[in-house]
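The block underneath contains the structure these notes are about, expressed in structure tokens.
The values are calculated or read from the model by the stated rules, or taken from the named source; none is laboratory data. Treat the numbers as computed from the prediction; the structure is a model and nothing was measured. Ideal geometry is used to build each Cβ from the backbone, glycine not excepted, and the neighbour counts take in all protein chains shown. Just the protein is used for accessible areas: all its heavy atoms, side chains included, with ligands, DNA and RNA removed. Shrake-Rupley method; radii C 1.70, N 1.55, O 1.52, S 1.80 Å.
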Amino acid sequence: MQGKEFQEKNEQRWAEYEQALNALEKKGEGRLDVARLPAMFKEICTDLALSRHRMYGVAMNERLNGLVIRGHKLIHRRAGGTWEQLLRFVTVDFPVAVRAEWRLFWVATLTFILPMLGVALAGFYWPDFSWVEVVLGSEMMSSLDSMYGESDGQIAHLRSEYGSNFMMFCHYIMNNIGIDFRIYAGGILACLGSLFFLFYNGVYFGAVIAYIHVACSKESFYTFVAGHSSFELIAMVIAGMAGLRVGLGLLHPGRKTMRRSLMDAGKRSLPLIFGAALMTFVAAGIEGFWSARDLPPMVKYTTGVIMWVLVVAYLIFAGRSVGVGAGRRGNQREA
Amino acid sequence: MLHGRQEPRLDTLQSIELAEGVEIHLRMAGPYVRVLAYLLDLLIRGGVSVGVGLLLMLAGAVLGFNVATGLNMLLTFFLMFFYYILFEAGKHGASPGKRVMGLRVVDTSGAPISFGQSFIRNMLRFADGMPIPFYGFGLLSMLATQRFQRLGDLLANTVVVYDRLPHLQMAALPPVLESRAPGVPLTREEQAALAGFRERGGMWSEARRIELADHASELSGATGVTGMSRLLGMAHWLGEKH
């Protein structure tokens, strides 16, 4: 059969298919009978294969190639169900993913906690502020002074202006989720970026603690951070885990090809970084609207302890009852 | 235009086999056009940031200064992290800058990308972008991979392709009178090359056609006008027989 005959014979079908594509691409489902699209798509696929094999020429090949690509895009659109997915993510997928990476959890936690403890302890024993100033900078030190300098509800005063709680909420979103994301992205540089940010934050927090113990009111600091610290710190560690997972995809492909290994690492890191961002968002809410309230310290401390227990229990236990099977299956699909 | 992909090729076409058993050809987009798209997006984000920032300042008179500042921070956060993610996970699979340049982000299978893929490839901009602002790692990775993938693309399993197929400039030569069988059996690629020569011949000057035809003088057994018309005769013969 000549190319021209082939075209004449099929032209009507192609035009029909193209019309269907146009309608679907414009306004979603429309009144069109969508059920026929897959069949039409397969016919076009066959036409393309025939046209290539019989060498009907570049023009026809290109046209059919374009038609197949458009149909492929429409047919392989992802389905929705956002809320259901979100619920399942929070109750099952995220805690399961964190538990599956428990080794990375310890690596990330220690990378953060050891320098923090080291610097804080060093600060208690050698209260010499020249090196604390090197870490924090004098601007940060004076802002710590203004926040925690005295004990009588200073932060609550700073937040007395209308809208300042909301402003700080937004600030924490931008700043803290931004830090999570940078920790994550740094992982691709052979894990070094994530480790560096975790270590650096550890040193920084350690210096803050040291400075506050020596120069400011401990109570106003700890009552402030009690409420949100659980969410914020654990989320940062989990962002570090996500980054490390990505970096390991590069460093340790195992028996996979490098391409495959990176792809899988990306997929496995995804629930971790989503969850970290979500937790940091919650932390920003607490930090913006609760932590600065002028309440008795005991209320603040109790809330803080309850939050820590809840978050840790959530990460340890959530999603287990849904069946290890379900979790495993999810994991294998991810892997 | 054929299936064999073993030899290095000059074009940036990638053939991808679908589940339906047919191959599609995607045109990969290289660094140059993607840099242009990036600059456009940068302009758009900068414009939105300044414009909406001004509006928020005005609205601050009503909402309160602190609320306006907070909203401005949220805007900055959104533009920094979620501008690309939402647009590329969206219906068009492209940020506005990419759309203007006629690009689109797809899965390496040619399917539209998921939110997760969009998230990964755009989060990794911070690593690809280093040393800031030269996209050093991204560029290195693009030059080192066959499909111009930066680190974010490798991790998310995505590629950037031309969405609009280029308008084909074709003008076939009028069929020759004398149909002529080639002296030796030709492979499929050789047959395709002959057919392509005839299909596109009308775009070139006579001198250029002869110059090209001379490359196949071994097949036609002659150079110059004779060789060219013999080649066209063979192309005609092949077309008739199929």
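Annotations
- Centre separation in Å (Cα based) which lies between segment B:208-242 and segment A:248-268: 50
- By the combined test of axial Cα extent (at least 24 Å) and Kyte-Doolittle hydropathy (mean at least 0.5), the qualifying DSSP H helices of chain B come to B:31-63.
- Among the trypsin sites (Lys or Arg not before Pro) within segment B:121-187, those in coil by DSSP and having at most 12 neighbouring Cβ atoms inside 10 Å are B:Arg164.
- Long-range HN-HN contacts of B:Arg104 with modeled amide H, under 5 Å: B:Val161, B:Asp163
- Per-residue mean of foreign Cβ neighbours for A:170-183 is 4 (Cβ atoms of other chains, 10 Å radius).
- Rg and Dmax [Cα atoms of segment A:207-321; Å; Rg one decimal, Dmax integer]: 18.4, 58
- Per the Kirkwood formula applied to alpha carbons, chain A shows a radius of gyration over Rh ratio, Rg over Rh, of 1.17.
- J(HN,Hα) series, segment B:172-180, from Karplus relation 6.51 cos²θ - 1.76 cosθ + 1.60, nearest Hz, glycine and proline x: 7, 7, x, x, 7, 6, 9, 8, 9
- Computed over the alpha carbons of segment B:14-73, Rg followed by Dmax gives 21.6, 62 Å.
- Extents of segment B:188-241, largest first, come to 28, 25, 17 Å (Cα atoms, principal axes, whole angstrom).
- Peptide B:116-125 has a mean of 6 when you count, residue by residue, the C-beta atoms of other protein chains within 10 Å of its C-beta.
- Separation of alpha-carbon centers, segment B:83-109 and segment B:52-81, rounded to whole Å: 27
- Averaging the sequence gap over all C-alpha pairs within less than 8 Å and six or more residues apart, then dividing by the number of residues, gives chain A a relative contact order of 23 percent.
- The ellipsoid that matches the Cα gyration tensor of segment A:1-148 has semi-axes, each √(5λ) in whole angstrom, of 66, 20, 17, with the longest given first.
- Cα-based Rg / Dmax (Å) for segment B:31-162: 16.3, 55
- When its C-alpha radius of gyration is set against 2.2 N^0.38 Å (N residues), segment A:228-284 gives a value of 1.28.
- Under 25 Å, Cα to Cα: Lys pairs in the protein assembly as shown, sequence gap 8 or more or different chains: 21
- The distance linking segment A:1-27 with segment A:121-181 is 66 Å (Cα centroid to Cα centroid, whole angstrom).
- Whole-Hz ³J(HN,Hα) from phi, Karplus 6.51 cos²θ - 1.76 cosθ + 1.60, for segment B:20-26, glycine and proline x: 6, x, 10, 9, 10, 10, 9
- In summary, the helical segments of chain A meeting the span-like criteria, namely a full DSSP H run, a Cα extent along the axis of 30 angstrom or more and a mean Kyte-Doolittle hydropathy of at least -1.0, are A:102-125, A:192-215, A:218-251, A:258-289.
- Contact order for segment A:3-75, expressed relative to its length and based on alpha carbon pairs under 8 Å spaced 6+ residues apart, stands at 35 percent.
- Only Cα pairs under 8 Å and 6+ residues apart enter the sum, and on that basis the relative contact order of segment B:31-162 stands at 22 percent.
- Relative counts (whole %) of C-alpha pair distances in chain B, using bins that are 10 Å wide: 7, 23, 22, 17, 15, 9, 4, 3, 1
- For the protein assembly as shown, average projected area of the Cα convex hull in nm²: 33.9
- Computed over segment A:3-75, the range of Cα coordinates on each principal axis works out to 36, 21, 18 Å, biggest value leading.
- In this assembly, the A-B interface accounts for approximately 5000 Å² of buried accessible surface in total, computed with a 1.4 Å probe and without ligands, DNA or RNA.
- Computed over the alpha-carbon pairs of segment A:32-74, the distance histogram in 10 Å steps reads 31, 49, 18, 3 percent, short to long.
- Within the protein assembly as shown, helix-based [θ] at 222 nm, where runs of 4 or more DSSP H residues each add -39,500 (n - 2.57), nearest 500: -22000 deg cm²/dmol
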